[in-house]
Structure formats: structure tokens, C-alpha cells
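Note sheet for the following structure.
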Amino acid sequence: MNNSLLSKELTFGIAIIFIITSIIPCMGQIIDKVSNIKTADFENINDVIQTNKGENHNAPYPEDFLDQFQIIWNKGIAVGPPDLLAQSFKPSENMLTRIELLVGKIGTPTDNLSVSIRSSLDGQDITSISLPPKEIPTDKDWIEFDFEDVLVNISQTYYILFTPLGTGMIYTWFGYDNHNFDSYSKGEAWLYANGEWSTENFAIKDWCFKTYVYHLSNPPYTPHIPYGPIVGLTWTPYSYSTNTTDPDGDDIRYGWDWNGDNNVDEWTEEFYPSGATANISHSWNTSGTYNVKVKAEDISGAQSDFSSVLVVVMSNDPPYTPSSPYGPIVGLTWTPYSYSTNTTDPDGDDIRYGWDWNGDNNVDGILLVHTM
């Protein structure tokens, strides 16, 4: 390549750079007459960052992890009062700890930027935080808004509200116009202008955001009163059942108090899905009246209160084991021998004795005298 050609190409390149740098600031001054917003277009979409769910981000809780996010951008929009911006999302866990937004500031603002969470666009703030201008970069960057942790319902729609305080269009939120694909399918970008919220004909379809969550285990609801027989015989197994639900949808096991002393005597061997009925078999060895109740525990160890009491009456305690038979230990066939034993009955009932004459664990006769 000769020097003349090289000089021409350098001159052409410098001219292109000059034109681009002249146009971009002008684009930043375009004001939408309807919504009072300022729009700056950017040609390059940032690289998609792959973040693994469950990764700790130096959060105050070990369980705090990245949950919902949209990180692709090609536009930035600045908004001023009374207009607002919002992004809807659906959390996958029940404790929201903080969010990050891709934002920037214009000039040298003196008023704060407020970010809040709502369960409806026109509802009250569930939680909010306000950052001063010095914490917002002039160029775009991910900024953390670490508000008070808030309990949310899993898979319910919530809204991140972007509210510049004071006057003027001083803070910019960056997002994507979804011209190629839906960058976040569980929510969308909103604009509040002319007294109403709308998504129609809006340049941004999803704002850039990240939400962080952890799982707070709420205890299961108190189980239903046990269902099963209320009268029976001792040493006889009876089936009892109950069920409840867990507000977090966790699996549940059940702890049974068979004697009413407010202590769990027996846990079910398995965890049941929330709402499923649990069955268990139990027998009592002593007659009496029993206050049976049950509590629930989820997979995280959170326990409910005990249920209402089911009063169960067991009767007819068996006699105590008889003493070893007394009688001859050697003898002749066809000769009758006398054997004796005795025991008592805890209820004072009369007793009969069943004799196993051949050691096969079966009663051969209700006799006191037997001929061998």
C-alpha cells in the first residue's frame, strides 16, 4: 500500500470517528414529547455473563444467590418526575435480599435515586432504598441496592420501581428492546407517563436487573386433628391419619404424641408432599384415656404447633405373663400328671390359661390337668 492511499484511508477513518462522536451526544438530547423521556442508543449489546444459581456473592447470608436477571442492553432511558420506570419479575425463593441495576447518571445531579419493590405497580412499597448521586456512575455500571430483606411469594409477580428524586432527567436505566428475542420471559419493562402505567410502544421491553434471594423456611401450618378410632383394645394396632400444608411448598413429616405429654413419641419415616395425607399405625399396651395429637416439620426443620387433641380410650389390659408351669418333669406315657401356674390381671379380671403341650407356640387346650 502506498503512502498516498494510506493517508486517504486515515483521513476517512478520522472523519467517520468525528461524525459518530458528534451524533451520539445529540441523540442523548432527544426528548419524547409524549412520555418526557430521554433516549440514548448504543450499537453493541454487552456479552452475556453466565452466572450459576447458588453462587454466593459476598452476601450477609450463605443462602443468598442470584435468582432472576436480565443483563443484555442496547438502549438507555432517562426519566424525570412525575414519570417512572419499572420492571416486573417472579422470584423463585421467598426472601428477597437485594437487587442490582445497570444504571448511570447525567451531569452532576444533587438528588437521590430511589429504588423500591412493589407487589403491584400502584401499590405501596414493600421495601425501598435511596442512593446519593455520588454512588451512581456517570458511565453505566451495575449498582447494588441493598435494602431490608423482604418476604415474597414464590412465582408471584413483583415490580422494581426506578424513581429519580427531585427534578430533571438525571438518571438512566439501561435495557433491551427484544428486537431479536425475549430477553426475560417472566416479566417486562413498564413506563409510567401521563398518569398511567403502560408497556405499549415502549422502546425498552426488559430492563437490566439482577435479584438476589435465599430460602427462609416458614413452619408448616398446624395439622388437622388426627383421624382414627377413638375406642379400642390394648395390644391392638390402629391406623391414624392427618395432613397439612407448608407455606413454602416444602415436604413434611409428622411427629405423633401418643400420650398427651407434649413430646413427640414417633416421627413418620418419610417426608410427605405438602397437602398429602400421612397414615401411621399405633397400639397401646396399657388401658386408659390418651390425648393424641400431631405436629408437622418441614425439610428445613421448621415445626408447627401441635394439632387439636383426639381423645382415645383403650381398655382390657391383658394378664401378666404366667409363672413357669409347675409339675413333674419326667413320667410315663398314658399317665395323667398335674401342672399348675398362676398370674394376675391388671384390671382384676378372671383369667383362664391356655396350655401348649408340645412347644409349637400354639394353645392345645384350656386345661389344668393333661394326660400325656
Any idea which of (1) within 30 Å of S155 (Cβ to Cβ); (2) in a loop (DSSP other than H, G, I, E, B) is the one T286 doesn't satisfy? (1)
Residues of the stretch 304-314 being surrounded by 13 or more Cβ atoms within 10 Å (Cβ to Cβ) and assigned to a strand (DSSP E or B), in sequence order, are L310, V312, V313, M314
Taking the criterion of being in contact (Cβ under 8 Å) with a residue 60 or more places away in the chain, assigned to a loop (DSSP other than H, G, I, E, B) and among the hydrophobic types (A, V, I, L, M, F, W, C), would at least one residue in the stretch 142-149 satisfy it? no
Is the stretch 213-230 home to any residue that is among the hydrophobic types (A, V, I, L, M, F, W, C) and under 25 Å from I72 (Cα atoms)? yes
Where in the stretch 173-244 are the strands (runs of 3 or more DSSP E), entirely inside, with at least 3 residues that are exposed (fewer than 15 other Cβ atoms within 10 Å of the Cβ)? 196-198
Can you tell me how many residues in the stretch 150-167 are outside any strand (DSSP E or B) and closer than 12 Å to N112 by Cα? 3
Take the conditions modelled with pLDDT of 95 or more and not polar (S, T, N, Q) and apply them to E297. Does it pass? yes
Has the stretch 263-281 got at least one residue that is among the small types (G, A, S), assigned to a loop (DSSP other than H, G, I, E, B) and on the phi > 0 side of the Ramachandran plot? yes
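The values are calculated or read from the model by the stated rules, or taken from the named source; none is laboratory data. Fair warning: this is a prediction, and the values are worked out from it, not measured in the lab. FYI the Cβ positions are ideal-geometry reconstructions off the backbone, even for glycines, and counts take in every protein chain you see.
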